[in-house]
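The values are calculated or read from the model by the stated rules, or taken from the named source; none is laboratory data. Note that this is a predicted model, so its numbers are computed, not measured. For neighbour counting, all protein chains shown are included, and Cβ atoms are generated from backbone atoms with ideal geometry for every residue, glycine included. Ligands, DNA and RNA are stripped out before the accessible areas are found, and what is left, the full protein with its side chains, is counted by its heavy atoms. Shrake-Rupley method; radii C 1.70, N 1.55, O 1.52, S 1.80 Å.
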Amino acid sequence: MRILVLHGPNLNLLGTREVSIYGDQTLADIDAHLAKVARELGAEVECFQSNHEGALIDAIHAARGKTDGLLLNPGALTHTSIALRDAIAGVQIPAVEVHLSNIHAREPFRHTSYLAPMCVGQISGFGARSYELALRGLVELLRERASKS
Ligand code: DQA
């Protein structure tokens, strides 16, 4: 089982960026932990970060036929990007939206996600642990779907 992990704008700064909100783990720490958890689950992750909306859209398109699921922290594009929403809808790969912070407990402009309605679920507010929770949930869901088909 292959999972593509996408990190959006500014997430390359994790570890030093607004540490009181996002914690002190770097993106490399998060990716390494995800790879370890994926191995335990008998899955494989490929991780990619970009500050550019188009690069993220290209990565979603390229995942067609190669990836069983998407784990996606779109950063601020969560609240602005209809194009990313359409990309997820277009490829029909099951996706989970992830946020380190609880976006619903922050500024009102962060309460809206354009992507969440296209996703099977959203995990928000558990810090770096949000990624692990999302990975475990997604792998379980994909296995359940595969066993029923
Ligand atoms: C974030 C929440 C977004 O609102 C913000 O723009 C980010 C990070 C999170 O993981 O909590 O860049 O996606």
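Looking at the stretch 1-68, the pairs of alpha carbons with a distance over 21 Å make up 33% of the total.
A Förster distance of 30 Å, applied to the separation of the beta-carbon atoms of Lys36 and Ala105, puts the FRET efficiency at 0.55. Counting charges near Glu18 (Lys, Arg +1; Asp, Glu -1) among other residues having Cβ under 14 Å from its Cβ returns a value of +1. Extending 7 Å from Cα along the Cβ direction at Ala89 and again at Asn10 yields two label points whose distance is 2.6 nm.
Of the accessible area of the chain, with the probe set at 1.4 angstrom, what percent is carbon plus sulfur? So the carbon and sulfur contribution to the accessible surface is 51 percent. Here each label is just a point 7 Å from Cα along the line to Cβ, and for Ile82 and Glu140 those points are 3.6 nm apart.
Using the Cα gyration tensor of the stretch 71-131, with a ≥ b ≥ c the square roots of its eigenvalues, what is the shape: rounded (a/c below 1.5), prolate (a/b larger than b/c) or oblate (neither)? It is oblate, given that a/c is not under 1.5 and a/b is not larger than b/c.
At 222 nm, what value in deg cm²/dmol follows for the chain if DSSP H runs of at least 4 each add -39500 (n - 2.57) and the sum is divided by all its residues, to the nearest 500? Calculated at 222 nm, the ellipticity per residue is -12000 deg cm²/dmol. If you wrap the Cα atoms of the chain in a convex hull and average its projected area over all directions, you get 8.1 nm².
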